[in-house]
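Worksheet for the structure shown next.
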Number of protein chains: 2
Amino acid sequence: MFEVCLLGTGGMMPLPYRWLTSCMMRYNGHNLLIDCGEGTQIAIKEKGWTFKPIDVILITHFHADHISGLPGLLLMIGNSGRTEPLTIAGPKGIGRVVGALRTIAPELPFEVEITEIMECEVLDLAGFHIQPFKAQHRVPCLGYTVSILRTGRFDAERAKAAGIPLKYWNPLQKGQTITEDGVTYTPDMVLGPDRKGLKVLYCTDTRPVPAIAECGSKADLMILEGMYGEPDKLANAKEHRHMMMQEAARLAVQAQPAELWLTHFSPSMNWPEQFMDEIRGIFPAAKAGKDGMSVDLCFEEEEA
Amino acid sequence: MFEVCLLGTGGMMPLPYRWLTSCMMRYNGHNLLIDCGEGTQIAIKEKGWTFKPIDVILITHFHADHISGLPGLLLMIGNSGRTEPLTIAGPKGIGRVVGALRTIAPELPFEVEITEIMECEVLDLAGFHIQPFKAQHRVPCLGYTVSILRTGRFDAERAKAAGIPLKYWNPLQKGQTITEDGVTYTPDMVLGPDRKGLKVLYCTDTRPVPAIAECGSKADLMILEGMYGEPDKLANAKEHRHMMMQEAARLAVQAQPAELWLTHFSPSMNWPEQFMDEIRGIFPAAKAGKDGMSVDLCFEEEEA
């Protein structure tokens, strides 16, 4: 199962009742965190999770509400006993920013590997297939799709017909290529066509841009900024490069994800639910995010 | 009134039910904050206070649990509409650390004035009389006494006898020196001897050192680290340069403050109150700190 959890749903500042927007994804013993504002480590504790399995941290941009919790989180991960390297990826400059923040977290028992995303290249990290794309904010900002890819079904008849020794079936199924006595066996000899995986899109702090709908096409879940619901806040949203709930819903109409979650609510918005009838009128499978809200996404056959 | 509030009582890491140790002092429209770990801005919001009157931030040392909330707090102070300069003071290196953290809070509508405390010199800032002193931690660490000084009582008979024009009585009472037609009038001509002010000592992340008892002598309130209560944690406290509750109480016996509050509890300590019978056996006016706990300290005559 691929668990996706919205640790917090607040934009700009943490509130006593709402953590800053960040998202935890958990698959196969590995955890990936997107954004880490002040208090994210407490939100993780409230879920009852440990810090050790956090392998990847993706940062969307360098505004404090998306990264100020990083030094504290890194220290917590250190306290958890982790010694394996951890990757932090983000826009150009991520190395400089993480370096500066580590002034107060200089000693960690694990390596921090920095990936500066320059050309929105695909990353494969800890079993997560990550596609960054450019958002449109006041500063360079990235959205991400995080996918769990799925190979084709194992085809024992083909393996038999090709005369592949039984002992190689399992490694081939796991994607390994085997060479023995000059003969090479490849996974495609025993696997059917790739099956549909799972895809989640996360994009906040942005104006609506076509890349969001394109990258989120047929996603299992889109998590989008819905900073304001009141129509008269549109000018403000445009000026500060944020997205209205209605705009997010219209992107979902284009992308047709299975579900849309809205997040990164303005501190002025006490009760996002008040706008959801209107939003579901645009895209029915829309939900207002809540702190701690999570879903277990399953591969198609597992659902049965 | 001089209000002193323990915003949080946690050491090392913020917990879902306990903020990191920091202390707000409020006097005469001015606020002084000591330490600013992750989440301090939320603790301030929970008190219902605004951010604009924060004039001074004192940092004890540069471990993340005492300073990681600074960038977010500075941004909140900026959002509050403050344009007056704000002073941040701390041990040598404070300029470098604040500069690094401001990588994610580069633009503020007010000036940040940095005071590096090298020789524990007295500071007078925004009406607070601050005496730093050296604590003993793994890294350079300062304790502070913060006092509200009080001038002598106004003596109208002396002012009259000295022939001081009535129009100067008020400015002289407020501490101004006046020169007119070659004659100089000084405050001591109209004021009696200095009266007892108010003094609060704050010291955490330290082994017990004599300076704590000396500086805290007869304080109205001592706020001291009480990291552990279990006797078998003493070796740990010594190794990591922290203070036991019992050690803090014994310092209070020497200093004889009106009251002792313990704070900076280990995350392993769920219920500090369980040790307080023993602690009050050492120093009766001791309290276990709680998040949000506050006191209004009054000058002697005001108490009546």
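The values are calculated or read from the model by the stated rules, or taken from the named source; none is laboratory data. Since this is a predicted model, take the numbers as computed values, not measurements. Methodologically, a virtual Cβ is constructed for each residue, glycine included, from the backbone with ideal geometry; neighbour enumeration extends over all protein chains shown.
Brief remarks follow.
- Restricting the stretch A:92-117 to residues that are assigned to a helix (DSSP H, G or I) and small (G, A, S), the residue that is farthest from the other protein chains (Cβ to nearest Cβ): A:G95
- Considering the stretch B:140-250, the qualifying helices (runs of 4 or more DSSP H), each wholly inside and each with 1 or more residues that are at pLDDT 95 or above, run over B:210-215, B:234-240.
- Restricted to the stretch B:41-52, and to residues there that are more than 7 Å from chain A (Cβ to nearest Cβ) and either of a type in the set (K, R) or assigned to a loop (DSSP other than H, G, I, E, B) (or both), the residue that is surrounded by the fewest Cβ atoms within 10 Å (Cβ to Cβ) is B:G48.
- Put simply, of B:I77, B:I130 the only residue that is more than 9 Å from chain A (Cβ to nearest Cβ), closer than 18 Å to A:A64 by Cβ and at pLDDT 95 or above is B:I77.
- Scanning the stretch A:269-294 for residues that are out of contact with any Pro (no Cβ under 6 Å at 6 or more places or on another chain) and under 16 Å from A:L7 (Cα atoms) yields A:K287, A:G289, A:K290, A:D291, A:G292, A:M293, A:S294.
- Listed conditions (1) at pLDDT 95 or above; (2) under 15 Å from B:G289 (Cβ atoms) are all met by B:G48, apart from (2).
- Odd one out for B:H129 among (1) within 16 Å of the chain's Cα centre (by Cα); (2) within 26 Å of B:H240 (Cα to Cα): (2)
- Conditions (1) in a helix (DSSP H, G or I); (2) within 20 Å of A:W19 (Cα to Cα); (3) at the interface with chain A (Cβ under 10 Å from one of its Cβ atoms): number failed by B:M13: (1)
- Considering residues of the stretch B:53-65 that are farther than 14 Å from A:E38 by Cβ and touching a helix residue (DSSP H, G or I) at 6+ places or on another chain (Cβ under 9 Å) only, the residue surrounded by the fewest Cβ atoms within 10 Å (Cβ to Cβ): B:H63
- Among the residues of the stretch A:30-39, those that are more than 15 Å from A:T115 (Cα to Cα) and more than 9 Å from chain B (Cβ to nearest Cβ) comprise A:H30, A:N31, A:C36.
- Number of residues in the stretch B:244-268 that are touching a Ser or Thr at 6+ places or on another chain (Cβ under 6 Å), over 16 Å from B:P284 (Cβ atoms) and among the aliphatic types (A, V, I, L, M): the value is 0.
- Residue match in the stretch A:53-72 (condition: more than 9 Å from chain B (Cβ to nearest Cβ), out of contact with any Ser or Thr (no Cβ under 7 Å at 6 or more places or on another chain), within 19 Å of B:L75 (Cα to Cα) and not hydrophobic (A, V, I, L, M, F, W, C)): yes
- The set of residues in the stretch A:123-139 that are in a loop (DSSP other than H, G, I, E, B), more than 14 Å from A:L32 (Cα to Cα) and in contact with a strand residue (DSSP E or B) (Cβ under 6 Å, 6 or more places away or on another chain) contains only A:A135.
- Flag if A:A89 is away from chain B (no Cβ under 14 Å), small (G, A, S), surrounded by 12 or more Cβ atoms within 10 Å (Cβ to Cβ) and in a helix (DSSP H, G or I): no
- The residues of the stretch B:264-302 that are in contact (Cβ under 8 Å) with a residue 60 or more places away in the chain and aliphatic (A, V, I, L, M), listed by number, are B:A288, B:M293, B:V295, B:L297.
- The requirement of being part of a loop (DSSP other than H, G, I, E, B), within 11 Å of chain B (Cβ to nearest Cβ) and not charged (D, E, K, R) is not satisfied by A:C120.
- Options A:G72, A:G37: the member that is modelled with pLDDT of 95 or more and part of a loop (DSSP other than H, G, I, E, B): A:G37
- Note on the stretch B:10-23: residues that are surrounded by fewer than 24 Cβ atoms within 10 Å (Cβ to Cβ), among the aliphatic types (A, V, I, L, M) and free of Cβ contacts under 8 Å to residues at least 60 places away in the same chain total 0.
- Condition met for B:G192 (in contact with a Ser or Thr (Cβ under 9 Å, 6 or more places away or on another chain) and either surrounded by 17 or more Cβ atoms within 10 Å (Cβ to Cβ) or β-branched (V, I, T) (or both)): no
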